[in-house]
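Everything on this sheet refers to the single structure shown next.
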Amino acid sequence: RWAVGWGVGCGGVWKYQRMGPLGLYLAVQCGGSEHGQWVYRSGERAVTFEVLAFLALALIMSDVLRRQLRGQTKALGASLISLRVETDRRQSVEEDLRRLAYHDRLTGLPNRHRLHDDLQATLEAHATDQGALVLLDIDHFKAINDALGHAVGDEVLRSVAARLVAAAPADTHIAHFGGDEFALLLH
């Protein structure tokens, strides 16, 4: 009763849950002590309540520890899930940044930086092979933008990019430099 009253009076259910097993143990221990004295005076050979109280304490504490472990396991599981979500989000952001750094947003083709890296790799790997770098630009593109607007100009750039991809050999690196400039790296 002392543990139950103290637990409820001093903060509610949480303290009751923590003090309840201790109060139960103290009650069994008190009764066990009296029973032990009686067994000792009577000369009987019997299991005393003190032994049972210790076993009860061990069972109660194992249950308390099991509940705490289950709670911590759930919290750890939730942390792992949030960590996986955050890791996936960061990987997605890194992939987006990598794509933005090396690809043209309008045409989807590799940009000047990517072509530079591809050219370096090609020159290092194929020092004796032959190849070509073809630079293209659209004549009078400014007139298209001025007369028909930037939306039409963007559509022309996307169309030229699609035609270059369709017409170029399979191992050709095609890049959009920006504006009306394109490049093809042929092996």
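Below are the figures for this structure:
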{"read-out": "Whole-number D in µm² s⁻¹ for the range 132-187, Kirkwood Cα-pair radius fed into Stokes-Einstein, 10 °C, 1.306 mPa s", "value": "134 µm²/s"}
{"read-out": "Distance (nanometres) between label positions extended 7 Å along Cα→Cβ at Ile81 and Glu181", "value": "5.2 nm"}
{"read-out": "Cα coordinate range in the range 81-187, projected on the principal axes (Å, largest first)", "value": "55, 46, 20"}
{"read-out": "Where Val165, Val134, Val64 fall by accessible area, highest first, once all protein chains stay in place (1.4 Å)", "value": "Val165, Val134, Val64"}
{"read-out": "Extension gain from Gln120 to Phe54, taking 0.36 nm per residue of separation minus the Cα-Cα distance", "value": "16.1 nm"}
{"read-out": "Share of carbon and sulfur in the accessible heavy-atom surface of the range 58-160 [1.4 Å probe, %]", "value": "58 percent"}
{"read-out": "FRET E, pair Arg112, Ala147, Förster distance 30 Å, beta-carbon r, rounded to 0.05", "value": "0.65"}
{"read-out": "Residue-normalised accessible area of the range 51-187, given per residue in Å² at a 1.4 Å probe", "value": "72 Å²"}
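The values are calculated or read from the model by the stated rules, or taken from the named source; none is laboratory data. As the structure is a computational prediction, the values presented were derived from the model and not from experiment. Cβ atoms come from the backbone with ideal geometry, glycine included; neighbour counts cover every protein chain shown. Heavy atoms of the whole protein, side chains included, go into the accessibility calculation; ligands, DNA and RNA do not. Shrake-Rupley method; radii C 1.70, N 1.55, O 1.52, S 1.80 Å.
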